[in-house]
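Note sheet for the following structure.
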Amino acid sequence: MTAKGNLNFHLTFAPEREYLSRLLSLAGRMPPMTKEQISQETGIPTGKSSGKVEPHIQYAVFMGLVRHQVQDGTHALERTEFGQMVFELDPHLMEPVTLLVCHHNISSPPQGAALWQFVFTKLLPALGPAIDQDTLMRAASVEFQTPKVNLTPLKTCYTTQKSFGDLGLLKVSASKQWAFQPIPYRSEHRYAYAYTLLKAWERMLPERPEITVDELADYTHWHRPLLWDKRDLMNGLESLEDLGILSLNKQLAPVTIIKRRISAFALSKLYSCLI
């Protein structure tokens, strides 16, 4: 489920929405550029051996905002369909619905970042939403077979406003107790739930027009980045049935889900319910 290869991609930096926004803007109009050229164009700081340009490119990839190619030390960025929608309707990543999808993408297999995937789809379902930092550190060290894992970028990602703090997903106490909060269901975010569910379905079970609730929960893990339990999952599915995204056959055990729409449709409606 997780891979050590991208464990330290962040170079100790947490994602900043403003820098993601600048990369998103650049992605639509750039030739291949070095990280120094990207820094000069966007104002994102970088240096010879470190800096925030390359980590933010990786964050943008893991969040599903851009596609990325590297050749001879240059970077070429292209907006994804989701990234294009964000650029057009929420270019500064201010809407919680944008943050929700970005969070879901970076935390979901197989395309997400290793530590994010591990914490949200494996560790928290096993240990619960309240966990002390030492336990989290030991679990991550075992998972990735390394003496120490840098947790600070993950923590900062969800506790500062310039990152994704507006999701209200994590609080860390002075005694280093991490308390994760489920992302509350909001009717105006129904198309975000639909988009992330359908993308997970299309990616992991592409030949299946009908799956069981158990397959959705245990194979795609769609609900886990939201920190939803099985009851929350069913409530979410029922709301998507009301939208015509899917149908539920409750006469079977387990309940089966029949796909009625594709992810591109849900993406086109992503911001349509916002007040």
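Couplings for region 67-72, taken from phi via the Karplus curve 6.51 cos²θ - 1.76 cosθ + 1.60 with θ = phi - 60°, read 9, 9, 10, 10, 8, 6 Hz in order; Gly and Pro are left as x. Put a dot 7 Å past the Cα of residue 203, heading toward its Cβ, do the same for residue 70, and the two dots end up 2.1 nm apart.
Per residue, the chain exposes 46 Å² of accessible surface when a 1.4 Å probe is rolled over the protein heavy atoms with every protein chain present. For residue 48, the lysines whose Cα comes closer than 22 Å to its Cα, not counting residues fewer than 8 places off in the same chain, are 35.
Considering all C-alpha pairs of the chain, those separated by over 25 Å amount to 46%. Near residue 80, the amide H atoms lying under 5 Å from its own belong to 66, 67; only residues 5 or more places off or on other chains count, and H is placed 1.01 Å from N.
For residue 199, the lysines whose Cα comes closer than 17 Å to its Cα, not counting residues fewer than 8 places off in the same chain, are 259, 269. Spatial offset of region 93-152 relative to region 241-275 amounts to 27 Å, using the alpha carbon center of each. With θ taken as phi - 60° and the Karplus curve 6.51 cos²θ - 1.76 cosθ + 1.60 applied, the whole-hertz 3J(HN,Hα) list for region 193-203 is 4, 4, 5, 5, 5, 5, 5, 4, 5, 5, 6 Hz, x standing for glycine and proline. Peptide packing: for 100-106, 168-174, 265-271, 20-26, the average count of neighbouring Cβ atoms within 10 Å per residue gives the ranking 100-106, 20-26, 265-271, 168-174, highest mean first. If R0 equals 35 Å, the separation of the Cβ atoms of residue 78 and residue 187 corresponds to a calculated FRET efficiency of about 0.60. Determine, at each q value in 0.11, 0.17 (inverse angstroms), the log₁₀ of I(q)/I(0) that the Debye formula gives when each Cα of region 1-103 is one equal point scatterer. Values returned for q = 0.11, 0.17 Å⁻¹ are -0.30, -0.74. Stretching residue 49 away from residue 167 to a fully extended chain increases their span by 39.3 nm, per 0.36 nm per residue minus the current alpha-carbon distance. Comparing 207, 215, 81 in a Gaussian network model of the chain where C-alpha atoms under 10 Å apart are linked, the largest mean-square fluctuation is found at 207. Computed from point charges on the beta carbon alone (+1 for Lys and Arg, -1 for Asp and Glu), the dipole magnitude for region 187-275 about its Cα centre is near 200 Debye. Working note: 222 nm ellipticity from helices only, DSSP H runs with n ≥ 4, each -39,500 (n - 2.57), summed and divided by the residues of the chain, gives -11500 deg cm²/dmol to the nearest 500. By accessible area, using a 1.4 Å probe on protein heavy atoms only, the chain has 50% of its surface on carbon and sulfur. Sorting the segments 56-62, 246-252 by their mean number of nearby beta carbons within 10 angstrom, highest to lowest, gives 56-62, 246-252. Cross-link reach is defined here as a Cα-Cα straight distance under 16 Å, omitting same-chain residues fewer than 8 places apart; for residue 148 the aspartates and glutamates meeting it are 132, 134.
The values are calculated or read from the model by the stated rules, or taken from the named source; none is laboratory data. Treat the numbers as computed from the prediction; the structure is a model and nothing was measured. Cβ atoms come from the backbone with ideal geometry, glycine included; neighbour counts cover every protein chain shown. For the accessible areas, the whole protein counts, side chains as well, though only heavy atoms, and no ligand, DNA or RNA atoms are used. Shrake-Rupley method; radii C 1.70, N 1.55, O 1.52, S 1.80 Å.
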